[in-house]
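Before any comments, here is the structure.
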Amino acid sequence: MHIIENFTTNNENYKAKQIVKMRGIMLHSVGCPQPDPEVFVRIFNDPSGKPNGRKVGVHAFVGSDGRVFQTMPWNFRAWHCGKGPNGSGNSTHIGIELVEPRTIKYVGGSAFQDNNPAASRAFVEATYKVGVELFSHLCKQHNFDPLADGVVVSHAEGHRLGIASNHGDVEHLWKVYGLTMDRFRQDIWSAMNAVSPFKPSAPAATAAPAPKLVEESVLKFNLLGQRLDIPGAIVDGKAFVRARLLVEGLGFCIDMTDGVIVVREKSSADK
Ligand SMILES: [Zn+2]
């Protein structure tokens, strides 16, 4: 993906130069079988200031080949989604258009027939991938969380949120090829948080330090006036000895009963 700055300075929307604080990004699809994003750049930069006679504008057109034509600065208010009962996404959302394959034909509203399903699918998947790259770039740049509610939305979702006109894009196209906005948001998040497979792994956490000194030794005890030599060990200056050897050295028995270590006097049952 690479962004080509190609501002549509003739456009009335561009000339308005309303600076706004963006809170998210809205995804559109152009709604006609025109795969070349440069065609839209020319239409949107028409000297009349009104693309096809309409007062519209958008921030960028995304091609299938990785080219993204940016048509106005990201913080300009763009006229891309109209409005709804809760306001206008134009004031809060960057507007991005994906181009569409020439292999489809619209037959009324958002319905279309697909004249070459394999080619159409490849094209739509390609623009999807470039879209993921562009959105992850913009989310990083603007500190947007793509998984948060209302941040990355389609035009159709914007309508359901009450901030956009009643359009079906991009789902009207994507649903035919198994693509969804939920997957798009997840893929943006993954692209933002990806760890390169070639990144060397971090050095292992410091291993537990080995005991500084382990020294087997015969430990001399004086227990209740009784001298005992019992084999044990010195580890880091601390003496360790088996409890059994200590207890038995004193003439007692040691057992474990129900999880409790019991020290008892020898009975006749013990040899
Ligand atoms: Zn739209």
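The values are calculated or read from the model by the stated rules, or taken from the named source; none is laboratory data. Predicted model, so just to flag it, every value in this text is computed and none were measured. Here the Cβ is made from the backbone with ideal geometry for all residues, glycine too, and neighbour counts use every protein chain on show.
Couple of notes before you dig in:
- Condition met for GLY63 (away from the ligand (no atom under 16 Å from the Cβ) and more than 31 Å from the chain's Cα centre (by Cα)): no
- Selection count where residues are under 22 Å from GLN113 (Cβ atoms), aliphatic (A, V, I, L, M) and part of a helix (DSSP H, G or I), scope the stretch 175-188: 1
- Of all residues in the stretch 27-60 being surrounded by fewer than 19 Cβ atoms within 10 Å (Cβ to Cβ) and of a type in the set (Gly, Ala, Ser), the one that is nearest to the ligand (Cβ to nearest atom): GLY53
- Residue selected from the stretch 131-174 under the condition assigned to a helix (DSSP H, G or I), among the charged types (D, E, K, R) and under 20 Å from HIS59 (Cβ atoms), by the criterion nearest to the ligand (Cβ to nearest atom): GLU157
- Lone unmet requirement of (1) crowded, with 18+ Cβ neighbours inside 10 Å; (2) under 22 Å from GLU157 (Cα atoms); (3) hydrophobic (A, V, I, L, M, F, W, C) for ALA111: (1)
- The one condition in (1) surrounded by 21 or more Cβ atoms within 10 Å (Cβ to Cβ); (2) within 16 Å of the ligand (Cβ to nearest atom); (3) under 25 Å from the mean Cα position of the chain (by Cα) that THR92 fails to fulfil: (1)
- Residues of the stretch 5-15 that are touching a residue at least 60 places away in the same chain (Cβ under 8 Å) and surrounded by 15 or more Cβ atoms within 10 Å (Cβ to Cβ): ASN6, PHE7, THR8, ASN11, ASN13, TYR14.
- The listed residue being assigned to a strand (DSSP E or B) and in contact with a Lys or Arg (Cβ under 7 Å, 6 or more places away or on another chain), out of ILE261, ILE230, ILE254: ILE254
- Screening TYR106, TYR128 for residues that are in a strand (DSSP E or B), surrounded by fewer than 23 Cβ atoms within 10 Å (Cβ to Cβ), aromatic (Phe, Trp, Tyr) and in the same structural domain as ARG183 (by TED's automatic domain parsing) leaves exactly one candidate, TYR106.
- Residue within the stretch 110-127 that is under 17 Å from MET26 (Cβ atoms) and away from the ligand (no atom under 13 Å from the Cβ) present: yes
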